[in-house]
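To start, the structure under review is shown below, and the notes come after it.
The values are calculated or read from the model by the stated rules, or taken from the named source; none is laboratory data. It should be emphasised that the depicted structure is a prediction, and the values quoted were computed from it without experimental measurement. All Cβ positions, glycine included, derive from the backbone under ideal geometry; neighbour counts span all protein chains shown.
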Amino acid sequence: MMILENVRVLHFYPGSVSEPTDVAIEGARIVEVGRGLASKYPRADRQSPGGYVSPGLVCSHNHFYSALARGLMVAIEPSKDFAQQLKNMWWLLDRALDEGIVRASGLAGAADAAMLGVTSVVDHHASPEYIDGSLDALAEGFETVGIRGVLCYETTDRNGMEGARAGVRENERFAKKTDAVRKAGGDPTVEAAIGAHAPFTVCDETLEALASACSSTGRGLHIHVAEDKFDAVDSRYRFDKDICVRLDDAGLLGPKTILGHGLFLTPSEVELVNERDSFIAHNARSNMNNCVGYNDKIGQYRNPVLGTDGIGSDMLEEALFAFFKHKDAGGSRWMDAYLEMLQNGNRLLERYYPGKRFGRVEAGFEADLAFWDYDPPVPLESGNVAGHVAFGMGSRMVSSTMVAGRYIVKDRKPIFDAGAIAARGRSETRRLWQRMEERK
């Protein structure tokens, strides 16, 4: 057992800050929060980290396969719209991924997340020339670093129907492998969803296969929808249906469904997503970077969550960009609305991790924690948490990160071999550049 003594518990939403207190952790869970716990548990390992302790942060939509894309040294053709950007940049990159690059990307992405207080990442993976076993290679990074993950393979028809079938198989295989670990008495930190790229690259036959995979594994679909207007128009032109109606007709909208972006969904689709209790992942920085527009309906959803869509894993920065983009668009919502989206990621996790509770520093919840070295010049109180995040607090102030009661970063020092991960990433990145040039 471990006791964190004399810490202040911080919850970002609803905003709250406690007086100095103790947090008792046994195994992977918090067992008690209160004063003077050392006398109650005299054999516990007593620690005094100081500062603030919050629930770990959740990234609800990411692409670790892009972890090595920063500083890309490849001549990319100019793009006039998002469809060309996908073809000229991202589909060129994902075709260049092989086993070694996927492993290095998973390690680099997980290491970055851990240093930023992110304890769970919902990832959407693609590597068309390396499908079979790719989720195992990606999961290696999560497990080596120690963060939780919900992984899927981005099934698509764009590389032929055999590629689509391989994507479905990889999703099913990985989900069943996770179930086997749990059935054998294990407690996997990496879970599975069923992935697809976007409706405009998935035919009805593939949708049916994805629906079958969701049904047989008990998982939900993780898919991009209406990231660009083209996706919405394509669905009406080719299938005579709005995107979400098409997905719902296939049985793919439900309480474990994760829809990325959704900028061009109609009001009736928003209602349908809410009726099915599905999640919508808002990725403000990515939308700005790709010049696709702003999701002005995000506040109308029942289950909005925050993702980065591959732009790192800094979730406080993501919340901040979402807030400022909203203000720039003439909106009136306050920062706490975006911290609520960040908090909602924990409800998403609970639907994928049976029997576990996330997102509170309270008895019975998983000990997935972020420790903050934040010493503000003005009082940090329950009523002004959102203001501190908007105008002062940042993820670089994370001093330690804990997952399932185990430190993965302590006093700004990673428990994993961060130097080796970075060196491996640099080596594999040069191969990535070469392979991208070969596929142009």
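F264 passes every criterion in (1) outside any helix (DSSP H, G or I); (2) surrounded by fewer than 20 Cβ atoms within 10 Å (Cβ to Cβ) apart from (2).
Would you check if there is a residue in region 358-366 being outside the structural domain of D81 (by TED's automatic domain parsing) and assigned to a strand (DSSP E or B)? Looking through region 358-366, at least one residue is outside the structural domain of D81 (by TED's automatic domain parsing) and assigned to a strand (DSSP E or B). I311 satisfies every condition listed in (1) of a type in the set (A, V, I, L, M); (2) part of a loop (DSSP other than H, G, I, E, B); (3) within 13 Å of the chain's Cα centre (by Cα); (4) surrounded by 23 or more Cβ atoms within 10 Å (Cβ to Cβ) except (4). In region 298-305 there is no residue matching the filter, namely being in contact with a His (Cβ under 7 Å, 6 or more places away or on another chain) and among the polar types (S, T, N, Q). Quick one: in region 165-208, of everything that is over 21 Å from A250 (Cβ atoms) and of a type in the set (K, R), which residue is surrounded by the most Cβ atoms within 10 Å (Cβ to Cβ)? Within region 165-208, the match that is surrounded by the most Cβ atoms within 10 Å (Cβ to Cβ) is R173. In the condition set (1) among the charged types (D, E, K, R); (2) closer than 30 Å to A418 by Cβ; (3) assigned to a strand (DSSP E or B), E32 is compliant with all but (2). Filtered by the rule that a residue be among the polar types (S, T, N, Q) and farther than 21 Å from G310 by Cβ, region 259-293 gives T266, S268, N274, S278. Being within 16 Å of the chain's Cα centre (by Cα) and surrounded by fewer than 24 Cβ atoms within 10 Å (Cβ to Cβ) narrows it down to one residue among E99, E162, E143, E129; which is it? Result of the check over E99, E162, E143, E129: E143. Taken over region 373-421, the criterion of being over 15 Å from A319 (Cβ atoms), of a type outside the set (D, E, K, R) and assigned to a strand (DSSP E or B) is satisfied by S399, S400, T401, M402, V403, Y407, I408, V409, P414.
Region 35-152 holds helices (runs of 4 or more DSSP H) entirely within its bounds, and those carrying 1 or more residues that are under 30 Å from A370 (Cβ atoms) and in the same structural domain as T21 (by TED's automatic domain parsing) map to 37-40.
On the basis of being surrounded by fewer than 24 Cβ atoms within 10 Å (Cβ to Cβ) and aliphatic (A, V, I, L, M), does A83 make the cut? When the stated conditions are applied, A83 passes them.
What about G394, is it free of Cβ contacts under 8 Å to residues at least 24 places away in the same chain, closer than 28 Å to L72 by Cα and surrounded by fewer than 19 Cβ atoms within 10 Å (Cβ to Cβ)? Answer is no for this residue. Of all the criteria given as (1) within 30 Å of E129 (Cβ to Cβ); (2) outside any helix (DSSP H, G or I), the one not satisfied by S427 is (2). R302 meets all of the listed conditions (1) crowded, with 17+ Cβ neighbours inside 10 Å; (2) more than 19 Å from D81 (Cα to Cα) but one, namely (1). Give all pairs with beta carbons closer than 6 Å in which a residue from region 316-335 that is at pLDDT 95 or above meets a residue that is buried (at least 23 other Cβ atoms within 10 Å of the Cβ) and in a loop (DSSP other than H, G, I, E, B); count only pairs at least 6 apart in sequence or on separate chains. Every condition considered, the pairs that remain are E318/T308; F323/M335. A Cβ distance below 6 Å, combined with a sequence gap of six or more or placement on separate chains, defines the contacts here; from region 230-245, residues that are among the acidic types (D, E) reach residues that are not in a helix (DSSP H, G or I) in the pairs D231/A198; D242/T266.
Residue-by-condition table, conditions (1) buried (at least 18 other Cβ atoms within 10 Å of the Cβ); (2) over 27 Å from M393 (Cβ atoms); (3) aromatic (F, W, Y); (4) more than 28 Å from the chain's Cα centre (by Cα):
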site: R8; (1), (2), (3), (4): no, no, no, no
site: V23; (1), (2), (3), (4): yes, no, no, no
site: R29; (1), (2), (3), (4): no, no, no, no
site: R43; (1), (2), (3), (4): no, yes, no, yes
site: P55; (1), (2), (3), (4): yes, no, no, no
site: S60; (1), (2), (3), (4): yes, no, no, no
site: L72; (1), (2), (3), (4): no, yes, no, no
site: P78; (1), (2), (3), (4): no, yes, no, yes
